[in-house]
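Have a look at the structure below, then the notes.
The values are calculated or read from the model by the stated rules, or taken from the named source; none is laboratory data. Given the structure is predicted, the values throughout are model-derived calculations rather than measurements. In this analysis, Cβ positions are derived from the backbone assuming ideal geometry, glycine residues included, and neighbour counts consider all displayed protein chains.
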Amino acid sequence: MKNNLIASIAENSLIVVIFVLLIAVTFIAARLAENYVAKKSGTENPGMNTRKIVIIGIFSAISAILMLFEIPMPFAPSFYKLDLSDLPAVIGGFAFGPMTGVMIEFIKILLNLIINGTQTAFIGELANFIVGCSYVLPASIIYIFRKNRQTAFISCLAATMIITIVGSSLNAFYLLPAFAKLYGMPLDALIGMGTAINPAINNMFTFVLFAVAPINLLKGGVLSGITVLVYKKLSPVLKNTSLVPDRKREAESEA
């Protein structure tokens, strides 16, 4: 398995380089946001500690397991499936800041690659990371500015809109053409798979509108609903290492 992964990296070096650059950008954005909030609140960014590292490891493992359970969507071609592997990253991002959320997303993909390798020349893994971070990053960045229930709703709503836009755009301009090239088939053949399910799908725009966008909108909605319901119950255990130093005020605002 290790040798196969190394061979895949060598064969798809350009995608790997793009992947690494995008990972670096997301980490930088997360760090800048955390530093800004720490500076604004007059505190020092706590960075990593043993508790946070342990939770990142646990949540990453849970994410990798959740990634194995995919739900087919009846309104989209069979290669589109819904999974909830981003949920631990959202909760981790709410508790410890966007850097933690991005790290969970990254380690999840790394674990999946080590266990299963890649069947898509890293294209699928790249898409999963980008789309996942397009929800986790804005949601956790907005939330760390003011940790209360209202901000949680606003951050989840904004993240749902962003994941829908990013996921739809990524599919239209990169993923679908890349998959068509990877499997040696015309792009019209992929669109035709959508037409077979929904006759209203007859070009790239309608494919994205009626198949891709609804999946990302549904995913964002499900992630938002579960996060809002679950995080309040988990926060007493997780928030001890959050970015905001006034824990009493935070506990009151989240109650």
Checklist entry - Within the range 193-208, which residues are exposed (fewer than 15 other Cβ atoms within 10 Å of the Cβ) and either touching a Leu at 6+ places or on another chain (Cβ under 9 Å) or within 23 Å of ILE71 (Cβ to Cβ) (or both)? => result ALA196, ALA200
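Okay, residues lined up against (1) of a type in the set (Val, Ile, Thr); (2) not in a loop (DSSP other than H, G, I, E, B):
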residue: LEU68; (1), (2): no, no
residue: PRO74; (1), (2): no, no
residue: GLY92; (1), (2): no, yes
residue: ILE109; (1), (2): yes, yes
Next on the checklist: Kindly evaluate VAL16 against the criterion of being modelled with pLDDT of 75 or more, in a helix (DSSP H, G or I), on the phi < 0 side of the Ramachandran plot and not polar (S, T, N, Q).
Outcome noted: no
Next on the checklist: If I ask for residues that are within 18 Å of LEU87 (Cβ to Cβ) and of a type in the set (S, T, N, Q), which ones from the range 112-170 would you list?
Outcome noted: ASN112, ASN128, SER134, SER140, SER155, THR160, THR164
Checklist entry - Which one is modelled with the highest pLDDT, of the residues in the range 19-51 that are among the small types (Gly, Ala, Ser) and farther than 20 Å from ILE142 by Cβ? => result ALA24
Checklist entry - Among the residues of the range 121-159 satisfying the criterion of being polar (S, T, N, Q) and surrounded by fewer than 23 Cβ atoms within 10 Å (Cβ to Cβ), which is modelled with the lowest pLDDT? => result ASN148
Checklist outcome for this item: Apart from one, (1) of a type outside the set (S, T, N, Q); (2) under 22 Å from the mean Cα position of the chain (by Cα); (3) at pLDDT 90 or above all hold for PRO74; the odd one out is (2)
Checklist entry - Looking only at the range 27-44, which residues are of a type outside the set (D, E, K, R) and assigned to a helix (DSSP H, G or I)? => result PHE27, ILE28, ALA29, ALA30, LEU32, ALA33, ASN35, TYR36, VAL37, ALA38
Checklist entry - Under the condition of being among the charged types (D, E, K, R) and touching a Phe, Trp or Tyr at 6+ places or on another chain (Cβ under 9 Å), which residue from the range 217-242 is modelled with the lowest pLDDT? => result LYS239
Checklist entry - Does LEU175 qualify as being of a type in the set (A, V, I, L, M, F, W, C), touching a strand residue (DSSP E or B) at 6+ places or on another chain (Cβ under 6 Å), surrounded by fewer than 23 Cβ atoms within 10 Å (Cβ to Cβ) and in contact (Cβ under 8 Å) with a residue 40 or more places away in the chain? => result no
